[in-house]
Ligand SMILES: [Zn+2]
């Protein structure tokens, strides 16, 4: 019996047939390493670890790539607040990620690339997008020209005009259209920066995954996974970037896990129901947490509310 996977690109269950017989190229979006990961983040790490193990059990040779985002706004703000540097912060939370992942039985990826170690590949990918007429420079920033890419919105099933209604321009952004998104951000004082043909700056978040997946897995990959919250804009942007750069289909099977709720509510710091994997591991056995994550279908929401646990203070 063949493996059936629900593909978010086609919204159908399809038999899984890899591009190369006997091999699977699999990319999963990894953590931004500015803090401990929370139990909502743990869900994709666990469910896609299980899929990887199942593919191996079926006899496939799986190359599993999961990146570390080690440069972005959150990293910069946290490093400033703690009086440390971005590379030191990244080093610390990559080590903490590995401890918690190991405790939860999540195997290390085949390759775990860091954005800051792949800046030349990121710059080359942006250059190809620009050469193909889908990006432009504006005051040292580089933006993807969404209106030049008619297929934009294919994964999230929304038209450009609907997406435009919800788009906003952040302070300091100099883009032509609210839908456009940054591929490269010009250097600001006190921020890490690298050389590029457009001046010193740093990569945007979305382009990292496009550049690193094609570097380690090729221009067309079998499976790309992540949380459902990444469908738009992150994965929509990844598709536009990769296909605009390479002129080939990017991903054959898109898989997204559902949300993890706490006491039936969305986890958030402001609701006081925020729980890191580290804190959960102090309270519950790791195998119980892993079993819990696998107790619902990965695409369904799952509700974390074990007996004896409540975010509300005791009366
Ligand atoms: Zn990604």
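The values are calculated or read from the model by the stated rules, or taken from the named source; none is laboratory data. No experiment lies behind these values; they were computed from the predicted model shown. For neighbour counting, all protein chains shown are included, and Cβ atoms are generated from backbone atoms with ideal geometry for every residue, glycine included.
Here are the numbers for the structure shown:
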{"read-out": "Residue list for region 194-211, restricted to those being more than 16 Å from the ligand (Cβ to nearest atom), surrounded by 16 or more Cβ atoms within 10 Å (Cβ to Cβ) and assigned to a loop (DSSP other than H, G, I, E, B)", "value": "196, 198"}
{"read-out": "Where residue 298 falls short, out of the listed (1) in a loop (DSSP other than H, G, I, E, B); (2) touching a residue at least 12 places away in the same chain (Cβ under 8 Å); (3) over 22 Å from residue 29 (Cα atoms); (4) touching a strand residue (DSSP E or B) at 6+ places or on another chain (Cβ under 8 Å)", "value": "(3)"}
{"read-out": "Residue that is farthest from residue 13 (Cα to Cα), among those in region 255-266 that are in contact with a helix residue (DSSP H, G or I) (Cβ under 7 Å, 6 or more places away or on another chain) and within 15 Å of the ligand (Cβ to nearest atom)", "value": "257"}
{"read-out": "Residue within region 156-165 that is away from the ligand (no atom under 16 Å from the Cβ) and buried (at least 18 other Cβ atoms within 10 Å of the Cβ) present", "value": "yes"}
{"read-out": "Candidate set: region 54-79, residues that are surrounded by fewer than 16 Cβ atoms within 10 Å (Cβ to Cβ) and either under 20 Å from the mean Cα position of the chain (by Cα) or modelled with pLDDT under 95 (or both); chosen: the one farthest from the ligand (Cβ to nearest atom)", "value": "77"}
{"read-out": "Search result, residues across region 157-193 that are under 20 Å from the mean Cα position of the chain (by Cα) and farther than 30 Å from residue 12 by Cβ", "value": "180, 182, 183, 184, 185"}
{"read-out": "Residue check, residue 214 modelled with pLDDT of 95 or more, away from the ligand (no atom under 11 Å from the Cβ) and touching a helix residue (DSSP H, G or I) at 6+ places or on another chain (Cβ under 9 Å)", "value": "yes"}
{"read-out": "Qualifying residue in region 139-146 (condition: surrounded by 14 or more Cβ atoms within 10 Å (Cβ to Cβ), modelled with pLDDT of 95 or more and within 18 Å of the chain's Cα centre (by Cα))", "value": "no"}
{"read-out": "Selection count, region 255-295, where residues are exposed (fewer than 14 other Cβ atoms within 10 Å of the Cβ) and either free of Cβ contacts under 8 Å to residues at least 12 places away in the same chain or in a helix (DSSP H, G or I) (or both)", "value": "13"}
{"read-out": "Of all residues making up region 1-29, the number that are closer than 26 Å to residue 158 by Cβ and within 16 Å of the ligand (Cβ to nearest atom)", "value": "5"}
{"read-out": "Residue pairs meeting the criteria (Cβ under 6 Å; at least 6 apart or on separate chains; first more than 12 Å from residue 223 (Cα to Cα), in region 15-32; second part of a loop (DSSP other than H, G, I, E, B) and away from the ligand (no atom under 16 Å from the Cβ))", "value": "15/2"}
{"read-out": "Candidate set from region 222-254 (those that are outside any helix (DSSP H, G or I) and within 12 Å of the ligand (Cβ to nearest atom)); member that is nearest to residue 63 (Cα to Cα)", "value": "224"}
{"read-out": "Selection status of residue 141, farther than 26 Å from residue 117 by Cα and out of contact with any helix residue (DSSP H, G or I) (no Cβ under 8 Å at 6 or more places or on another chain)", "value": "no"}
{"read-out": "Residues that are crowded, with 16+ Cβ neighbours inside 10 Å and assigned to a strand (DSSP E or B), drawn from region 92-137", "value": "114, 135, 136, 137"}
